[in-house]
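Engineer: Sharing a structure below in structure tokens format, with a few things to ask.
The values are calculated or read from the model by the stated rules, or taken from the named source; none is laboratory data. These figures come from a predicted structure and were not determined experimentally. Because the Cβ atoms are built from the backbone with ideal geometry, glycine has one as well, and the counts that use them run over all protein chains shown.
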Number of protein chains: 2
Amino acid sequence: MKPLFKDSLTVVNVGLAGFAANIAAAGGEAVGVDWQPPAQGDQEAGWALARTFADARVDDANRVAFARFLEANPVLRDVARAGDVIDGMASGRKLILHAGPPIVWPSMCGPMRGAIIGAVLLEGWADSADAAKRLVDSGRVALEPCHHHRAVGPMAGIISPSMPVFVVENTTAGNRAYSNFNEGLGKVLRFGAHSRDVIERLRFIATDVAPTLRDALATLGAVELKPLMAQALNMGDEVHNRNAAATALLFKRFAPAVLATAESRERAAAALRFIDANDHFFLNLSMAACKAMLDAAAGVESSSLVTAMSRNGVNFGVRLSGAGDRWFEAPANPVDGLYFPGFSRADAAADLGDSAITETAGVGGFAMAAAPAIVKFVGGSATDALHHSLRMRGITLGTNASFTLPALDFAGVAAGIDARKVVDRGILPVINSGIAHREPGVGQIGAGVTTAPMACFTAAVRALAESLGAP
Amino acid sequence: MKPLFKDSLTVVNVGLAGFAANIAAAGGEAVGVDWQPPAQGDQEAGWALARTFADARVDDANRVAFARFLEANPVLRDVARAGDVIDGMASGRKLILHAGPPIVWPSMCGPMRGAIIGAVLLEGWADSADAAKRLVDSGRVALEPCHHHRAVGPMAGIISPSMPVFVVENTTAGNRAYSNFNEGLGKVLRFGAHSRDVIERLRFIATDVAPTLRDALATLGAVELKPLMAQALNMGDEVHNRNAAATALLFKRFAPAVLATAESRERAAAALRFIDANDHFFLNLSMAACKAMLDAAAGVESSSLVTAMSRNGVNFGVRLSGAGDRWFEAPANPVDGLYFPGFSRADAAADLGDSAITETAGVGGFAMAAAPAIVKFVGGSATDALHHSLRMRGITLGTNASFTLPALDFAGVAAGIDARKVVDRGILPVINSGIAHREPGVGQIGAGVTTAPMACFTAAVRALAESLGAP
């Protein structure tokens, strides 16, 4: 008899529990270790992963990129007309920006198509919805991602030349980011509505709200956004799906200046009432701030840091710092959410919008522990919220001490998603999301939690491995 | 041999662990139960306690009182001159109200004496601090507790006739409560300062801030305070020592109306700037709302519900619903806190102010789970915050579903302190507190957590037992 079978066995069982069960059945003991193969058993991806982990250039690049992200200091610098400040719009060309990775007009989802028609009407490029559709069909309106123009927009994410935008500047590196204004809830352009009242509201934002805020900002000087977001995270917001505190703090900061600078009391009151009525007003600023922080970390050769996650209503797209302007795409995962009465998953558009830029920057779903109200809204508990935030530590390069989570004793949020860790550990970035109706103009029909699809990260890691060359 | 010593023993050991240890030493087993005698072993208090627990009238009365407290709906109804609305001031008599249970001028602590001198100067009853002191020494200024006039004030709690007050009304029962305006931090009257800038700020509040808010309120209609406090509790406030969210929400509500109604843009801007600069602005409204809720529960014969806890800088006082206007007093417990650099416990005034009305109403320290920033400030953790809120359930008649705690999965705050349970279980109400310097005018020198002294509750229970008559 071999010695192995005479001695008492000390067994550690890795992975499938069945082997340990057999040993136990034979009267032995085995310690089970929960394990699954890296890259979910995809052998090619596994090799690519191994290569990116073995190459010190990736870690070096990540240190550089992550430091640039952490050091970014986004401030609200100005309010301007999109056509005046966004690259490629100043030329007077018919350009409309949309959310997510690139997508052609015929492939777009209902809400995005509806919103583009609305933007054409707003710009006066057509005088009816039919005429607007024909104009876009003809190919004479350029449709490009916000992200290709340093911009971000929630849901359909439509930005056209006459719309006002927030100009956010990262004072550390000088890069700028833009976002449109939040219109409020209900029938709004970002959910695909383009009725007359929707267009009129957009005009009011452009002619009244934006200039009033711009004038106030001129006396306030640049408004630092990071401390404001940090405060809001300590007040129940995760600055993606909940912005009640951030909006109130912004309002409090602006009101005295608006009062001092507005053309008239009526204009001042109208602008303040508009902000007061919309607890999501800050969302677009949060997004632009996150975009400015992440753009600072973009373009670092060999870095596996994720610099953008975004949805166009069909595909989910991811960008890596070390992979230039490439998008790594996959069909969007469904949203695990609760629907408003009368609606169900069958009514839902696919995951949509640039707002996952907040999760890319370590807030939103990553900061769920800050906002238990969000998980409650989708049927979870305060403990679930803590777990979401803790789990994200497994896929990030570190934590961001500027954004703290009170319920975790003021630990920093997990931030700086490392695409390698996502693939290696099989942990997907968690994203808080509103759910849009798939028909244009119906609006929000629910909210929930979703994840970025694994295929985006696998593709990104493979591309990164390739760019590293032979080992 | 007796059967007891032949059989194997099943032992439950209640209280002192020494007995169980002896059994274990002899090779036996004993289950230990943590227990201590009710009323901390005070036999007379224990009998009184037993009598109040045995009498069904107490439970019946508590049900009535607690329901009145829960059903109260405090709204901000008006802003008025104290002398015009507070009972006993309208007569033109020289009356100054102070925090806590009654106390005579020579026994008052430094900050309270300093604040009273300031109020005399503000009223123009004397033209120098010395003259003011002589006037009060002469006995020609009446000094009475705020609580005797349906009012509350933080720290020294001084209210004199020309000061503006918030008029809060419980629309369910019609009772009203009053509070003065919060002056901000630094050298302020409520910490005993009475220099010229302090008096000038009080005049500005009376001539500019108060009328501007009063006019805005006239167009807003009554502002419901319970939903506002509930929102703030979901935004990191406990509405005693942290009021950042509540102040921002109040500001957001008032700003457009202030703009629409103010005499001039300058006045509107000045009033809004004053609120914007003080994150504690809402505290006094929170206190008046709590006072209105608790006064609704007062005067229910045989009820052991605590309707007021308050400190005059020397003694801590407690009132019971079933014990009329009586105060049950004891020297205040020290505050277990952190001091600002350069200060220590030797510099601290004793526990001071009517603001413990918030804990009496189930917020403040009772809602610590809502505001982990508060415990962090005094060296605790988020878990400590949860424990404070959970422990308070042991001494209350129930929870208040109107005020929820996100970190405890939106459970209602423990509310309606039952004096019997405090004495029976030896659990003291936890109170969040600022710490004042014992010299007038220095201001706040720290913050911390303190408890109401047990002797107040023991005395209250004994009085209640007496009032029930022979068993």
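Engineer: If I filter segment B:238-248 for residues that are surrounded by 22 or more Cβ atoms within 10 Å (Cβ to Cβ), of a type in the set (V, I, T) and away from chain A (no Cβ under 11 Å), do I get at least one hit?
Structural biologist: Yes, segment B:238-248 contains at least one residue that is surrounded by 22 or more Cβ atoms within 10 Å (Cβ to Cβ), of a type in the set (V, I, T) and away from chain A (no Cβ under 11 Å).
Engineer: How many residues are of a type in the set (A, V, I, L, M), modelled with pLDDT under 90 and either over 17 Å from the mean Cα position of the chain (by Cα) or buried (at least 22 other Cβ atoms within 10 Å of the Cβ) (or both) if we restrict to segment B:427-448?
Structural biologist: Total satisfying the criteria: 4.
Engineer: Okay, moving on. Taking A:V209, is it within 14 Å of another protein chain (Cβ to nearest Cβ), modelled with pLDDT of 95 or more and either part of a helix (DSSP H, G or I) or surrounded by fewer than 24 Cβ atoms within 10 Å (Cβ to Cβ) (or both)?
Structural biologist: The answer is yes for A:V209.
Engineer: Taking B:R150, is it on the phi > 0 side of the Ramachandran plot and either hydroxyl-bearing (S, T, Y) or surrounded by 16 or more Cβ atoms within 10 Å (Cβ to Cβ) (or both)?
Structural biologist: yes
Engineer: Could you grab me the full set of residues in segment B:374-404 that are facing chain A (nearest Cβ under 9 Å) and under 19 Å from the mean Cα position of the chain (by Cα)?
Structural biologist: B:A385
Engineer: Listed residues B:A216, B:A222, B:A230; which is of a type in the set (A, V, I, L, M, F, W, C), within 19 Å of the chain's Cα centre (by Cα), away from chain A (no Cβ under 11 Å) and farther than 28 Å from B:G441 by Cβ? Outline the logic, then answer.
Structural biologist: Numbers: B:A216 fails: within 19 Å of the chain's Cα centre (by Cα); B:A222 fails: within 19 Å of the chain's Cα centre (by Cα).
Result: B:A230 is the single residue among B:A216, B:A222, B:A230 that is of a type in the set (A, V, I, L, M, F, W, C), within 19 Å of the chain's Cα centre (by Cα), away from chain A (no Cβ under 11 Å) and farther than 28 Å from B:G441 by Cβ.
Engineer: Quick check on this structure: which one of B:A414, B:A419, B:A407 is of a type outside the set (S, T, N, Q), within 11 Å of chain A (Cβ to nearest Cβ) and surrounded by 24 or more Cβ atoms within 10 Å (Cβ to Cβ)? Spell out the reasoning first.
Structural biologist: On the way: B:A414 fails: within 11 Å of chain A (Cβ to nearest Cβ); B:A419 fails: within 11 Å of chain A (Cβ to nearest Cβ).
Being of a type outside the set (S, T, N, Q), within 11 Å of chain A (Cβ to nearest Cβ) and surrounded by 24 or more Cβ atoms within 10 Å (Cβ to Cβ) holds for just one of B:A414, B:A419, B:A407, which is B:A407.
Engineer: Still on this structure: Would you tally the residues in segment A:1-39 being of a type in the set (S, T, N, Q) and either within 47 Å of the chain's Cα centre (by Cα) or at pLDDT 80 or above (or both)?
Structural biologist: First, pick out the residues of segment A:1-39 that are of a type in the set (S, T, N, Q): A:8, A:10, A:13, A:22, A:36.
Checking which are either within 47 Å of the chain's Cα centre (by Cα) or at pLDDT 80 or above (or both) leaves us with A:13, A:22, A:36.
Final tally of qualifying residues: 3.
Engineer: Give segment A:65-112 a look and list any residue that's under 21 Å from the mean Cα position of the chain (by Cα) and basic (K, R), or say none.
Structural biologist: Residue satisfying the conditions is A:R68 alone.
Engineer: Same structure, new question: Here are the criteria: (1) in contact (Cβ under 8 Å) with a residue 24 or more places away in the chain; (2) more than 20 Å from B:F166 (Cβ to Cβ); (3) surrounded by fewer than 23 Cβ atoms within 10 Å (Cβ to Cβ). Tell me which single one B:R196 does not satisfy.
Structural biologist: (1)
Engineer: For segment B:258-267, how many residues are in contact with a Ser or Thr (Cβ under 8 Å, 6 or more places away or on another chain) and more than 9 Å from chain A (Cβ to nearest Cβ)?
Structural biologist: 3
Engineer: From the list A:F191, A:F251, which one is within 13 Å of chain B (Cβ to nearest Cβ) and under 26 Å from the mean Cα position of the chain (by Cα)?
Structural biologist: A:F251
Engineer: Please find, among B:V167, B:V188, B:V136, the residue that is buried (at least 20 other Cβ atoms within 10 Å of the Cβ) and free of Cβ contacts under 8 Å to residues at least 40 places away in the same chain.
Structural biologist: Residue meeting the stated conditions: B:V136.
Engineer: Name the one entry in A:A82, A:A132 that is out of contact with any strand residue (DSSP E or B) (no Cβ under 6 Å at 6 or more places or on another chain) and within 22 Å of A:G313 (Cβ to Cβ).
Structural biologist: Numbers: A:A82 fails: out of contact with any strand residue (DSSP E or B) (no Cβ under 6 Å at 6 or more places or on another chain).
Of the residues listed, the single one that is out of contact with any strand residue (DSSP E or B) (no Cβ under 6 Å at 6 or more places or on another chain) and within 22 Å of A:G313 (Cβ to Cβ) is A:A132.
Engineer: Which condition number in (1) over 25 Å from the mean Cα position of the chain (by Cα); (2) in the same structural domain as A:G426 (by TED's automatic domain parsing); (3) free of Cβ contacts under 8 Å to residues at least 40 places away in the same chain is the one that A:D60 fails?
Structural biologist: (3)
Engineer: Moving to a separate point now. From the set of residues in segment B:32-56 that are of a type in the set (D, E, K, R) and surrounded by 14 or more Cβ atoms within 10 Å (Cβ to Cβ), which is farthest from B:T171 (Cα to Cα)?
Structural biologist: Quick first cut of segment B:32-56, residues of a type in the set (D, E, K, R) only: B:34, B:42, B:44, B:51, B:55.
Keeping just the survivors that are surrounded by 14 or more Cβ atoms within 10 Å (Cβ to Cβ) gives B:42, B:51, B:55.
Details: B:D42: 42, B:R51: 36, B:D55: 32 Å.
Result: B:D42.
Engineer: Would you check which residues across segment A:70-98 are crowded, with 16+ Cβ neighbours inside 10 Å, among the hydrophobic types (A, V, I, L, M, F, W, C) and assigned to a loop (DSSP other than H, G, I, E, B) and list them?
Structural biologist: Correct list: A:A72, A:I86, A:M89.
Engineer: Considering only segment B:316-352, how many residues are surrounded by fewer than 24 Cβ atoms within 10 Å (Cβ to Cβ) and touching a Cys at 6+ places or on another chain (Cβ under 9 Å)?
Structural biologist: So the answer is 4.
Engineer: Just to check your reading of the model, which residue among A:N175, A:N182 is touching a residue at least 40 places away in the same chain (Cβ under 8 Å), crowded, with 24+ Cβ neighbours inside 10 Å and not β-branched (V, I, T)?
Structural biologist: Result of the check over A:N175, A:N182: A:N182.
Engineer: So, one more: Regarding segment A:306-314, can at least one residue be identified that is touching a Gly at 6+ places or on another chain (Cβ under 7 Å), in the same structural domain as A:T450 (by TED's automatic domain parsing) and either surrounded by fewer than 24 Cβ atoms within 10 Å (Cβ to Cβ) or closer than 20 Å to A:V58 by Cβ (or both)?
Structural biologist: no
Engineer: So which residues in segment A:268-296 are at the interface with another protein chain (Cβ under 10 Å from one of its Cβ atoms) and either part of a helix (DSSP H, G or I) or surrounded by 24 or more Cβ atoms within 10 Å (Cβ to Cβ) (or both), if there are any at all?
Structural biologist: Of everything in segment A:268-296, those that are at the interface with another protein chain (Cβ under 10 Å from one of its Cβ atoms) and either part of a helix (DSSP H, G or I) or surrounded by 24 or more Cβ atoms within 10 Å (Cβ to Cβ) (or both) turn out to be A:A268, A:A269, A:A270, A:A271, A:L272, A:R273, A:F274, A:I275, A:D276.
A quick yes/no check of all residues on (1) over 21 Å from B:D84 (Cα atoms); (2) β-branched (V, I, T); (3) part of a strand (DSSP E or B):
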residue: B:A115; (1), (2), (3): yes, no, no
residue: B:V120; (1), (2), (3): no, yes, no
residue: B:A131; (1), (2), (3): yes, no, no
residue: B:G139; (1), (2), (3): yes, no, no
residue: B:M155; (1), (2), (3): yes, no, no
residue: B:P161; (1), (2), (3): no, no, no
residue: B:F166; (1), (2), (3): no, no, yes
residue: B:A193; (1), (2), (3): yes, no, no
residue: B:I199; (1), (2), (3): no, yes, no
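Engineer: May I ask you to list pairs of residues, at least six apart or on different chains, whose Cβ atoms are under 6 Å apart, with the first in segment A:323-338 being within 22 Å of A:R420 (Cβ to Cβ) and the second being surrounded by 14 or more Cβ atoms within 10 Å (Cβ to Cβ) and polar (S, T, N, Q)?
Structural biologist: A:E329/A:N315; A:N333/A:T450; A:N333/A:T451
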